[in-house]
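Written out below as structure tokens is the structure these notes cover.
The values are calculated or read from the model by the stated rules, or taken from the named source; none is laboratory data. Quick caveat, the model's predicted, so the values are computed rather than measured. Cβ placement follows ideal geometry from the backbone for every residue including glycine, while neighbour counts extend to all protein chains displayed.
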Amino acid sequence: MKKSLIATMLAGLFATSANAGIVIPAGEWTLDINGNVNAFANYTKAHGDNAITGGLAARPDSRGENKAMGINTGLLPSWLGFTGKTRQNDTDVEFTISFQPNVSDNSRAGDELAPLNRQAYVSFGDKSWGSIKLGKDLGIFASDAILNDMTLLGVGAGAGISGATTTLGGIGSGYIYPAWKGQIAYTTPNFNGLQATVGITNPNQASANQLNQDRFGLEGKVSYTFDTNGINTKVWTSGASYKVTPATGAEYNAWAADVGATATFGKFGLTSYYYRGEGAGTTTFGTNGVDASGQRRDSDGYYVQGTYVLPIKTKLGLAYGKSNLDKANSSDSASLVDYNERYTVGAYHPLTKHLNLVAEYNRVESQAHSGATNKSDTISTGAILFF
């Protein structure tokens, strides 16, 4: 069976031997209580105050103040997950339910924001034939892009104001958010490092309207992990296809596909990623994917990331990402975002086996097709604890 999402993040990014949270035997079941708590102090300064549809760079407020401070979670929200596992009738059975409380709230009482609920699924299977998942979990397409993003331990873009549930990390400046989706998915056995997942997903997440959608979303992924001369490498490709029925205009098909690779060799780590789509928009799947008449816009993007672990165990990281969105035609809005671009410099120090201290600098630039540009700089410092 698959590791919990938190365990996957922990193993991939936190570089420890831990792969589970608090494990409790309970009769025929083994319960795993896992999660994280993180918080960051963020200082953001905005440069430029242009109206850019889909732009991610922070802008001054209504009084013209271009500096913002806040305390917030980072890209990964604080998390409490409950996983139960058992084996019955030669079948591995697992459930996971999680919720994500806030660490910042701008209301006067500080307790008005509702928590997120990102996971509620059951899965069953066996290593001989694979597994089936039913319920809500991270989407299949672009999931490896976000799980390999170093800002998952930090902040990335989107820290301009406090009180938000999460920041953006590299979402919208290098990859499309995989989102949390109702799904029925099948994952094959692991064939010496080769594995695939295919699934149907909730179709209504590809459109802001609530009209009936007459086809499920389709998502899939193939990955291959191998080790050569001490270089551990994973390559993957994934895709998504949705048929969208908008409130006005013609139906259209939105799709996106990606390819990525990550490698670790000694103290070095390298990740590269690219995606392309039609009607998929930017930042979240389907956002600004078509113009007012329903014509699809092309989009693509990429990010590259390098890390190095110092002898004192501090991981230093440098990342660059960019997401592009084309106009549907020559008459499309000039205020539409042309690209969102991000530079990240980060330091992630394991103070203990489970606690990381984090410091990041992020520069975000958004440019419209008119040429108007906004930029913002964010300095973040805080900590993230996994258990």
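Residues that are of a type in the set (S, T, N, Q), on the phi > 0 side of the Ramachandran plot and in contact with a strand residue (DSSP E or B) (Cβ under 8 Å, 6 or more places away or on another chain) occur in segment 288-296; there is at least one. Here residue 301 clears all of (1) part of a loop (DSSP other than H, G, I, E, B); (2) in contact (Cβ under 8 Å) with a residue 60 or more places away in the chain; (3) under 30 Å from residue 243 (Cβ atoms) except the condition numbered (1). Residue 276 fulfils the conditions (1) under 27 Å from residue 189 (Cβ atoms); (2) surrounded by 16 or more Cβ atoms within 10 Å (Cβ to Cβ) except for a single criterion, (1). Of the residues 279, 220, the single one that is modelled with pLDDT of 95 or more, on the phi > 0 side of the Ramachandran plot and touching a strand residue (DSSP E or B) at 6+ places or on another chain (Cβ under 9 Å) is 279. Among residues of segment 137-158 being under 21 Å from residue 195 (Cα atoms) and part of a strand (DSSP E or B), the one that is nearest to the chain's Cα centre (by Cα) is 138. Between 264, 307, the distinction of being among the polar types (S, T, N, Q) and surrounded by 20 or more Cβ atoms within 10 Å (Cβ to Cβ) belongs to 307 only. When 327, 353, 322 are checked against the criterion of being in a loop (DSSP other than H, G, I, E, B) and at pLDDT 95 or above, 327 stands alone in meeting it.
When residue 96 is tested against (1) outside any strand (DSSP E or B); (2) surrounded by 24 or more Cβ atoms within 10 Å (Cβ to Cβ), just one condition goes unmet, and that condition is (1). Of the residues making up segment 17-33, at least one is in contact with a Phe, Trp or Tyr (Cβ under 9 Å, 6 or more places away or on another chain) and at pLDDT below 60.
The selection criterion, being closer than 20 Å to residue 75 by Cβ and more than 22 Å from the chain's Cα centre (by Cα), holds for residue 314. Taking segment 172-187 as the range and being part of a loop (DSSP other than H, G, I, E, B) and not polar (S, T, N, Q) as the test, the residues that pass are 172, 174, 176, 178, 179. Of 325, 351, all but one fail to be surrounded by 17 or more Cβ atoms within 10 Å (Cβ to Cβ) and aliphatic (A, V, I, L, M); the exception is 325. Residues that are touching a strand residue (DSSP E or B) at 6+ places or on another chain (Cβ under 7 Å) and among the small types (Gly, Ala, Ser) within segment 84-124 comprise 84, 98, 104, 120, 123, listed in sequence order. Residues being within 29 Å of residue 132 (Cβ to Cβ) and in contact with an Asp or Glu (Cβ under 6 Å, 6 or more places away or on another chain): count how many of those fall in segment 145-202. Residues meeting the conditions: 2.
Residues of segment 190-244 that are basic (Lys, Arg), in a strand (DSSP E or B) and under 17 Å from residue 286 (Cβ atoms): 243 alone.
Just one of the numbered conditions (1) at pLDDT below 95; (2) surrounded by 13 or more Cβ atoms within 10 Å (Cβ to Cβ); (3) over 25 Å from residue 341 (Cβ atoms) is not true of residue 110: (2). All of 314, 307 fail the test of being in contact (Cβ under 8 Å) with a residue 60 or more places away in the chain and within 17 Å of residue 269 (Cβ to Cβ), apart from 307. Evaluation of residue 111 against the conditions (1) without any contact (Cβ under 8 Å) to a residue 12 or more places away in the chain; (2) assigned to a helix (DSSP H, G or I); (3) not β-branched (Val, Ile, Thr) shows that the sole unmet condition is (2). Count of segment 18-57 residues, restricted to those that are crowded, with 21+ Cβ neighbours inside 10 Å, in contact with a helix residue (DSSP H, G or I) (Cβ under 9 Å, 6 or more places away or on another chain) and not in a strand (DSSP E or B), is 1.
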